[in-house]
Amino acid sequence: MAMFTAQLAESRALLGDPIGLYQVHSATLDSGLFDDPALLAALARLRAEGVLVGLSTSGPAQADTIRRALAVAVDGVPLFGAAQVTWNLLEPSVGPAAAEAAAAGWPILIKEAVANGRLAPGGSAPPVLSELAAAQGTTEDAIALAAALANPWATVVLSGAVTTAQLDSNLTALTVGSLPDLDLAEPPVDYWAARSARPWR
C-alpha cells in the first residue's frame, strides 16, 4: 500500500489528471498483488474514479497471471481491465490468455516484441528469421513486429526503439506482407532465464 500510494502520487504529479490507465508493473502470481485485500480495494477505488486499472506481466507464467487477474473482482465488479504482456516469436506462450482477456474487453499492449534486441539487426535472431527478412527486403525487427501486429487480440504493439534509426526500422513492419507460420518458440523457462542473463544498460 505504501508503494502504491507513493507511486500514484508521483504519477499524478508527473502526468497530471486525469490518468487514463494505471498499470501494476510486472505482476506475477507470487508478487503479492492478488493476496493483498487492502491494495485491491485501493485499486478498486481508483477504478471507481474512472481510471482503467491494468497490469503488466512478466516471467514464464504470464498466462496464469492474466487468467488470475481476469477472475479478480472487488464488491462483485471485475477489477482489472487491461494488460501489457511480453509476446514475441521466441516467447508467444501468453497468446491464448491474452486472447481470452481481449475477448473480455481488455485492451492488450504487447511489449518486448523484438525480444530485447534478440530479434533486431545485430541481435541473435534465428537464421530463418534473417533469411525471411532478406527475402522481403526488410529487417528482422520489422518481421518480428509484423508478427506481433498480426495477433488479432493485440490493441497496441510497443516499439521499444531508443534511436531514430531503430524507430525507422521498426516502422517498416507496417509494410511487411503476409508471413508464413514461424515456429521459433523457446520453452518459456529457457527464454526468461536467457532474458535475465542479458546485460542491461
Item to complete: Quick one: which residue in Leu129, Leu145, Leu184 is closer than 26 Å to Ala63 by Cα and not in a helix (DSSP H, G or I)?
Response: Leu184
Fill in: Enumeration of residues in the stretch 81-114 that are closer than 18 Å to Val162 by Cβ and acidic (Asp, Glu)
Glu112
Worksheet entry | Test: Val128 is closer than 23 Å to Pro96 by Cβ and open to solvent by 30 Å² or more (accessible area, probe 1.4 Å) | no
Response to the item:
For the stretch 133-164 the number of residues that are open to solvent by 30 Å² or more (accessible area, probe 1.4 Å) and touching a Pro at 6+ places or on another chain (Cβ under 8 Å) is 4
Discussion item. Looking only at the stretch 155-172, how many residues end up being among the hydrophobic types (A, V, I, L, M, F, W, C) and more than 17 Å from the chain's Cα centre (by Cα)?
Written reply: 4
Worksheet item: In the stretch 148-181, which residues are part of a helix (DSSP H, G or I) and over 16 Å from Ala113 (Cα atoms)?
Response: Thr164, Ala165, Thr175
Worksheet, complete the sentence: Of the residues in the stretch 16-51, those that are in contact with a strand residue (DSSP E or B) (Cβ under 6 Å, 6 or more places away or on another chain) and in contact (Cβ under 8 Å) with a residue 40 or more places away in the chain come to Leu21, Gln23, Ala27
Discussion item. Here is a check on your reading of the model: is Ala115 at pLDDT 95 or above, over 27 Å from Ser169 (Cβ atoms), crowded, with 17+ Cβ neighbours inside 10 Å and hydrophobic (A, V, I, L, M, F, W, C)?
Written reply: no
Response to the item:
Of the residues in the stretch 85-94, those that are more than 16 Å from Asn116 (Cα to Cα) and open to solvent by less than 10 Å² (accessible area, probe 1.4 Å) come to Val94
Worksheet item: Can you find a residue in the stretch 99-107 that is at pLDDT 95 or above, open to solvent by less than 40 Å² (accessible area, probe 1.4 Å), more than 26 Å from Tyr22 (Cβ to Cβ) and not small (Gly, Ala, Ser)?
Response: no
Practice prompt. Taking the options Leu167, Leu184, name whichever one is over 30 Å from Val72 (Cβ atoms) and surrounded by fewer than 16 Cβ atoms within 10 Å (Cβ to Cβ).
Written response: Leu167
Worksheet entry | In the stretch 110-152, residue nearest to Tyr191 (Cα to Cα) [restricted to those that are among the polar types (S, T, N, Q) and without any contact (Cβ under 8 Å) to a residue 40 or more places away in the chain] | Ser124
Discussion item. Just to be sure I understand the filter: pairs with C-beta atoms under 7 Å, separated by 6 or more residues or on different chains, first member in the stretch 71-100 and farther than 13 Å from Ser58 by Cα, second member modelled with pLDDT of 95 or more and acidic (Asp, Glu). Which pairs pass?
Written reply: Leu90/Glu186
Worksheet, complete the sentence: Selection from the stretch 102-113 of residues of a type in the set (A, V, I, L, M, F, W, C) and under 11 Å from Ala154 (Cβ atoms) yields Ala102, Ile108, Leu109, Ile110, Ala113
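The values are calculated or read from the model by the stated rules, or taken from the named source; none is laboratory data. Here the structure is a predicted model, which means the values were calculated and not measured. Because the Cβ atoms are built from the backbone with ideal geometry, glycine has one as well, and the counts that use them run over all protein chains shown. Heavy atoms of the whole protein, side chains included, go into the accessibility calculation; ligands, DNA and RNA do not. Shrake-Rupley method; radii C 1.70, N 1.55, O 1.52, S 1.80 Å.
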